[in-house]
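This report refers to the structure that appears directly beneath it.
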Amino acid sequence: MSDAIKHECGISLIRLLKPLDYYKEKYGSIFYGVNKMYLMMEKQHNRGQDGAGFASIKLDMSPGERYMSRVRSVESQPIQDIFAQINDRINTALKENPEYIGNTELQKRKIPYIGEVLLGHVRYGTFGKNSIESVHPFLRQNNWMHRNLIVAGNFNMTNVDELFDNLIQLGQHPKEMADTVTVIKF
């Protein structure tokens, strides 16, 4: 049995099971996942007002094409801020490239944040500074596709010192002693 939910971060995950064309036909937009993530994060607004983050993964992308996107904010209205950034990026891409309009495949391949796996996080700061570096999701990128990692959590680790020392003994040089940085490095 887990502890009762109190004041902790909020996490949302969406995995779209059908191709983006399906959502365009059924709901009129391939932005279905992004729109649902906005609603889910707004419902968790009270679970974290110190920051918010959003990440997306595009499945079945060719080498050389970006397949992970992330945006984070510590503004006073972080959820609205990240979705304003997402909408601005999408609208700019559509305005600069009119050939993307109506072409689901081009939109998926060329516009960030449109993907099949979406992760949202609202931060309630219980540890660390209230800075962008403390806002999830954290991203660890690698040229090996299977070694990329996006992490958002709702935890405080108690053995960070021990794990930090283990990383140093392995020859790593962690950028800071923090629970999420430690988790990502292992």
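The values are calculated or read from the model by the stated rules, or taken from the named source; none is laboratory data. This structure is a prediction, so every number in the text was calculated from the model and none was measured. We place every Cβ from the backbone using ideal geometry, glycine too, and count neighbours over all the protein chains shown.
Yes or no: TYR67 farther than 29 Å from ARG147 by Cβ and of a type in the set (Phe, Trp, Tyr)? No: the conditions fail for TYR67. Taking the listed residues ILE30, ILE14, the one that is in contact (Cβ under 8 Å) with a residue 60 or more places away in the chain and assigned to a loop (DSSP other than H, G, I, E, B) is ILE30, with no other qualifying. What do you reckon, is ASN91 part of a loop (DSSP other than H, G, I, E, B) and either surrounded by fewer than 19 Cβ atoms within 10 Å (Cβ to Cβ) or in contact with a Phe, Trp or Tyr (Cβ under 6 Å, 6 or more places away or on another chain) (or both)? It is false that ASN91 is part of a loop (DSSP other than H, G, I, E, B) and either surrounded by fewer than 19 Cβ atoms within 10 Å (Cβ to Cβ) or in contact with a Phe, Trp or Tyr (Cβ under 6 Å, 6 or more places away or on another chain) (or both). Looking at this structure, is VAL117 under 25 Å from PRO19 (Cβ atoms) and among the β-branched types (Val, Ile, Thr)? For VAL117, the condition - under 25 Å from PRO19 (Cβ atoms) and among the β-branched types (Val, Ile, Thr) - is met.
Looking at the structure I just gave you, is SER62 crowded, with 18+ Cβ neighbours inside 10 Å and among the small types (Gly, Ala, Ser)? So SER62 fails the test.
Every condition in (1) in a helix (DSSP H, G or I); (2) modelled with pLDDT of 95 or more holds for ASN46 except the one numbered (2). Residue pairs whose Cβ atoms lie under 7 Å apart, sitting 6 or more positions apart in sequence or on different chains, and linking a residue in the stretch 41-59 that is within 9 Å of VAL122 (Cα to Cα) and surrounded by 15 or more Cβ atoms within 10 Å (Cβ to Cβ) to a partner that is among the acidic types (Asp, Glu) and at pLDDT below 90, are ARG47/GLU8.
Inclusion of ASP21 among residues that are touching a residue at least 60 places away in the same chain (Cβ under 8 Å) and over 27 Å from GLU133 (Cβ atoms) is warranted. Kindly check whether there is at least one residue in the stretch 143-160 that is over 21 Å from GLY33 (Cα atoms) and touching a Cys at 6+ places or on another chain (Cβ under 8 Å). Scanning the stretch 143-160, I find at least one residue that is over 21 Å from GLY33 (Cα atoms) and touching a Cys at 6+ places or on another chain (Cβ under 8 Å), so the answer is yes. Within the bounds of the stretch 1-8, is there any residue that is hydrophobic (A, V, I, L, M, F, W, C) and surrounded by 11 or more Cβ atoms within 10 Å (Cβ to Cβ)? No, the stretch 1-8 contains no residue that is hydrophobic (A, V, I, L, M, F, W, C) and surrounded by 11 or more Cβ atoms within 10 Å (Cβ to Cβ). The listed residues are VAL117, VAL71, VAL160, VAL122, and the only one of them that is β-branched (Val, Ile, Thr) and farther than 22 Å from ILE57 by Cβ turns out to be VAL160.
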